[in-house]
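Student: Quick one: structure below, then a few questions.
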Amino acid sequence: EDWGLYLEKLCKEMGQYQVPYRDFAVEYRPHDMYVGNILTMLTLLDSGVTTITDCSHNTRTRAHADAVFKSYADSGIRAVHAGAPCSTGVGEGDLPQDLVRLRDQYCFGADSLTSVRMLIDMRRVMPAPDLFAFAREHGFGMTMDGVMGQRCEEIVELGRAGHLGPDLTLIHCNAMPE
């Protein structure tokens with residue numbers, strides 16, 4: 001997650017990987033999201049990376065999401081914003097509907113450097129089939145996190161029920177059964 005790149009590196013070195021989510025994420029203000037993202041984006045660009053997918057699961061409010069999009073624009077990076085509810089604590093609860101606003105406000109024109117898709121991970125505002133239906137109704141691609149294998153059985157069941165499709169990218173599915 002872009003906003004915590006440096007903090008996560010420090011915490012990993014200290015053996016405390018989950019600290020950013022559990023303790024710091026709930027304290028992030030929109031400006032903190034901007035600063036964390038802009039530092040990450042500029043570091044990526046300096047390294048030659050010009051396109052990213054931002055699995056953004058700390059956008060607690062619309063102001064947080066707006067700050068993230070400002071960081072994309074100010075850095076000049078090409079960004080796919082994969083929005084999801086915050087991973088810890090409580091957000092405003094405006095997802096997935098706010099994805100429509102973000103797309104309409106920030107992702108217009110053929111030369112837009114940003115796009116929006118839906119991230120489906122462990123925290124959900126509705127069941128996965130309903131999220132799929134919302135995304136498809138509004139023309140969003142989706143990314144679903146297998147959470148290092150913890151959700152792979154669910155993904156298999158969703159496939160058996162006919163919910164998976166070419167508009168869905170699966171990530172972290174290292175324990176997917178054959």
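Student: Out of A67, A73, report the one residue that is touching a residue at least 40 places away in the same chain (Cβ under 8 Å) and farther than 20 Å from I171 by Cα.
Tutor: A73
Student: Based on what the data block shows, is S75 hydroxyl-bearing (S, T, Y) and open to solvent by 30 Å² or more (accessible area, probe 1.4 Å)?
Tutor: Considered against the rule, which asks whether it is hydroxyl-bearing (S, T, Y) and open to solvent by 30 Å² or more (accessible area, probe 1.4 Å), S75 comes out as no.
Student: Please count how many residues of region 114-140 are part of a loop (DSSP other than H, G, I, E, B) and surrounded by fewer than 16 Cβ atoms within 10 Å (Cβ to Cβ).
Tutor: 8
Student: A further question on this structure: Could you list, in sequence order, all residues of region 103-113 that are open to solvent by 50 Å² or more (accessible area, probe 1.4 Å) and either touching a Ser or Thr at 6+ places or on another chain (Cβ under 6 Å) or among the polar types (S, T, N, Q) (or both)?
Tutor: Q105, Y106
Student: I'd like to know if region 48-61 contains one or more residues that are open to solvent by 40 Å² or more (accessible area, probe 1.4 Å), more than 20 Å from D167 (Cα to Cα) and either of a type in the set (D, E, K, R) or assigned to a helix (DSSP H, G or I) (or both).
Tutor: no
Student: Collect the residues in region 141-164 that are open to solvent by less than 30 Å² (accessible area, probe 1.4 Å) and closer than 30 Å to D66 by Cβ, keeping them in residue-number order.
Tutor: If the condition is that a residue be open to solvent by less than 30 Å² (accessible area, probe 1.4 Å) and closer than 30 Å to D66 by Cβ, then G141, M142, T143, M144, D145, G146, V147 are the ones that fit.
Student: May I pose another question? Within region 127-151, take every residue that is in contact with a strand residue (DSSP E or B) (Cβ under 9 Å, 6 or more places away or on another chain) and either at pLDDT below 90 or small (G, A, S) (or both) and give me the one that is farthest from R103 (Cα to Cα).
Tutor: R151
Student: Okay, moving on. Which of the residues that make up region 168-178 are open to solvent by 50 Å² or more (accessible area, probe 1.4 Å) and closer than 20 Å to S115 by Cβ?
Tutor: T169, L170
Student: Within region 90-125, track down each residue that is hydrophobic (A, V, I, L, M, F, W, C) and in contact with a Pro (Cβ under 8 Å, 6 or more places away or on another chain).
Tutor: L95, M118, V125
Student: With the condition kept exactly as written, say whether any residue in region 82-99 is open to solvent by less than 50 Å² (accessible area, probe 1.4 Å), more than 17 Å from T53 (Cβ to Cβ) and in a helix (DSSP H, G or I).
Tutor: Yes, region 82-99 contains at least one residue that is open to solvent by less than 50 Å² (accessible area, probe 1.4 Å), more than 17 Å from T53 (Cβ to Cβ) and in a helix (DSSP H, G or I).
Student: If you don't mind, another one. For T143, indicate whether it is in contact with a Ser or Thr (Cβ under 6 Å, 6 or more places away or on another chain) and either within 16 Å of G83 (Cα to Cα) or among the β-branched types (V, I, T) (or both). Quick ask: steps written out before the conclusion?
Tutor: On the way: in contact with a Ser or Thr (Cβ under 6 Å, 6 or more places away or on another chain): yes; either within 16 Å of G83 (Cα to Cα) or among the β-branched types (V, I, T) (or both): yes.
For T143, the condition - in contact with a Ser or Thr (Cβ under 6 Å, 6 or more places away or on another chain) and either within 16 Å of G83 (Cα to Cα) or among the β-branched types (V, I, T) (or both) - is met.
Student: Kindly establish whether R124 is at pLDDT below 90 and touching a helix residue (DSSP H, G or I) at 6+ places or on another chain (Cβ under 7 Å).
Tutor: yes
The values are calculated or read from the model by the stated rules, or taken from the named source; none is laboratory data. Computed from a predicted structure; not experimentally measured. Methodologically, a virtual Cβ is constructed for each residue, glycine included, from the backbone with ideal geometry; neighbour enumeration extends over all protein chains shown. Surface areas here come from the heavy atoms of the whole protein model, side chains and all, with no ligands, DNA or RNA. Shrake-Rupley method; radii C 1.70, N 1.55, O 1.52, S 1.80 Å.
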